[in-house]
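Peer 1: Pasting in a structure now, in structure tokens, and then I'll have a few things to ask.
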Amino acid sequence: MRVSVGVALLSMIWGALSPASAADGGDFFRGRELSVMVGSDPGGGYDGYARLFARFMPRYLPGTPVMVVRNLPGAGGIRSANFIYNVAPKDGTTIGILDRGIPTAPLLYGNASKAQFDGTRFAWIGSAQRESGMGVVSDRSPAHTIAEAKTVDVMLGSNGAESDPAMYPRLLNALIGTRFKVIPAYKGQPEMFNAVEKGELHGLFMSGWSGAGRDRVLRWRAEGKAFLLVQMSLKADPDVPEGVPLIMDLLANDDDRRVIELVLARLELGRPFVAPPGTPRDRLDALREAFRRATEDPGLRVEAARQKFVINPIYGSEAEALIGRLYATSPAVLERVRRLTLPDGTAPP
């Protein structure tokens, strides 16, 4: 696997700054400062979950170390994932929260992906939430329904060509004939929301239908300023307002449904935390246990509710098994998924 010059340079810098790995077992974390890498700017959902768990996980690690959140945005989260996999010390001092679509980027995009990792080799700590997605447009959009989006161009934002907010529109264009146009120029969801409010965008596909973003959209909808296009989920959310179609109900055949099933199965990994591959097993076990206990902490639950964050966790071994199943997808299904999900202008591998 080739590592970019930028990643190699970061490796040299990080190596000079990182503490040496000397201790093992329960004493390793004592007195340490651990880094929690986030692949987006401050203020978004992933950043919020990272900061929440950075407060509570240290309470359940031996020696109660300090966790510091570090933001490394770029390419919709690919930059941070490449850093964690290739550059970060593999000793338990660095973990990260990944955009849920990033671990399967190499699987879905093949050689066209900018990913420099194998998603199955991350050391999986757990996921804070199981997610679903939602297509949203403003009242200024020329289309307020999926049927209307088949007749006019609808401008949507995304934070990178390989991110779910870019891939979902491409899939719907290919499978049901919508005319979404994606502008992958935004740093994250907060910036996209602001662009929608200003009229720069007609809308966006939210890969996480929860938290503050969900509340913001529902407020817009109550004010007549937003419309929900489609639920990007394998099962309908009972809390979604009546009349919003489920993507599975819009598909014409079983081949199309298999494509969507693969893409949306990743939503189970709603807010995934990982460590670099090769993290010593005893330290990974300690991180997994601290994550599990943090999700059960009443204080974390209260704070999550205050911030409107959902805590519906998947723990380390289950997350590891799920990513393994996704990477075991049959070549025939995978080939079709890649044809449909590749960014515009990108040749298939």
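All of the numbers you see were taken from the coordinates with simple rules; none came from a lab. Just so it is clear, the model here is predicted, and its values are computed rather than measured. No Cβ is skipped: glycine too gets one built from the backbone with ideal geometry, and neighbour counts run over all protein chains shown.
Peer 1: Given R₀ = 35 Å, FRET efficiency for THR151-LYS235 by Cβ-Cβ distance, to 0.05?
Peer 2: FRET efficiency, THR151 to LYS235: 0.75.
Peer 1: Ranked highest first by average number of other Cβ atoms within 10 Å, how do 137-146, 33-42, 219-228 line up?
Peer 2: On the way: 137-146: 17.9, 33-42: 21.1, 219-228: 14.9.
Sorting 137-146, 33-42, 219-228 by mean packing, highest first, produces 33-42, 137-146, 219-228.
Peer 1: Could you give the dipole magnitude of the range 48-170 about its Cα centre, charging the beta-carbon of Lys and Arg +1 and that of Asp and Glu -1, in debye to the nearest 20?
Peer 2: The calculated dipole for the range 48-170 is roughly 420 debye.
Peer 1: Mean residue ellipticity at 222 nm from the helices of the chain, using -39,500 (n - 2.57) per DSSP H segment of n ≥ 4 over the full residue count, to the nearest 500 deg cm²/dmol?
Peer 2: Mean residue ellipticity at 222 nm (helix-derived): -12000 deg cm²/dmol.
Peer 1: Would you mind calculating the gained length between ARG336 and ARG121 on full extension (0.36 nm times residue separation, minus the Cα-Cα distance), in nm to one decimal? Mind dumping the intermediate values first?
Peer 2: Details: separation 215, 0.36 × 215 = 77.40 nm, distance 2.44 nm.
Once the chain is fully extended between ARG336 and ARG121, it gains 75.0 nm.
Peer 1: Quick one: of LYS181/LYS308; LYS198/LYS225; LYS150/LYS181, which pairs are farther than 22 Å apart, Cα to Cα?
Peer 2: Values: LYS181/LYS308 30 Å; LYS198/LYS225 12 Å; LYS150/LYS181 12 Å.
As for pairs spanning more than 22 Å Cα to Cα, those are LYS181/LYS308.
Peer 1: Another question about this same structure. Once you sort the root eigenvalues of the Cα gyration tensor of the chain as a ≥ b ≥ c, which label holds: rounded (a/c under 1.5), prolate (a/b larger than b/c) or oblate (the other case)?
Peer 2: It comes out prolate by the Cα gyration axes.
Peer 1: Can you give the charge dipole size of the range 133-265 about its Cα centre, rounded to the nearest 20 debye, using +1 on the beta carbon of Lys and Arg and -1 on the beta carbon of Asp and Glu?
Peer 2: Result for the range 133-265 is approximately 300 debye, rounded to the nearest 20.
Peer 1: For Cα pairs less than 8 Å apart in space and 6+ apart in sequence, what is the mean separation divided by the residue count of the range 133-265, i.e. the relative contact order in percent? Could the numbers behind the result be given before it?
Peer 2: Details: 218 pairs, mean separation 42.0, N = 133.
Value for the range 133-265: 32 percent.
Peer 1: Also, quick follow-up: Relative contact order for the chain: what is it in percent, counting Cα pairs under 8 Å that are at least 6 residues apart?
Peer 2: Relative contact order of the chain: 26 percent.
Peer 1: Considering only DSSP beta bridges with both partners in the chain, what is the antiparallel share in %, to the nearest 5?
Peer 2: 50 percent
Peer 1: Pull out the extension gain between ASN111 and ASP285, defined as 0.36 nm times the separation in residues minus the alpha carbon to alpha carbon distance; nm, one decimal. Numbers along the way, then the final one.
Peer 2: Values: separation 174, 0.36 × 174 = 62.64 nm, distance 3.28 nm.
Extending this stretch completely gives an extra 59.4 nm.
Peer 1: Still on this structure: Amide H of SER158: which non-local residues (sequence gap of 5 or more, or other chain) have their own amide H closer than 5 Å, using H built in the peptide plane?
Peer 2: Excluding prolines and chain starts, which carry no amide H, the hits are ILE183, ALA185, TYR186.
Peer 1: Which is farthest toward the positive dipole end of the chain among ASN173, VAL36, VAL259, measuring Cα position about the Cα centre, with Cβ charges +1 (Lys, Arg) and -1 (Asp, Glu)?
Peer 2: Checked the options; the winner is VAL36.
Peer 1: Just how large is the dipole of the chain about the Cα centre, in debye to the nearest 20, putting +1 at every Lys and Arg Cβ and -1 at every Asp and Glu Cβ?
Peer 2: Details: 42 positive and 38 negative charges, 85 e Å.
That gives a dipole near 400 debye.
Peer 1: While we're here: Going by how many other Cβ atoms sit within 10 Å of their own, how do THR64, THR120 line up, fewest first?
Peer 2: THR64, THR120
Peer 1: Sum up the charges of everything whose Cβ sits under 15 Å from the Cβ of GLY211, counting Lys and Arg as +1 and Asp and Glu as -1, but leave GLY211 out.
Peer 2: +3
Peer 1: Also, I was wondering about something else. Given points 7 Å out from each Cα along the Cα-Cβ axis, report the ALA222 to ARG292 separation in nanometres with one decimal.
Peer 2: 3.9 nm
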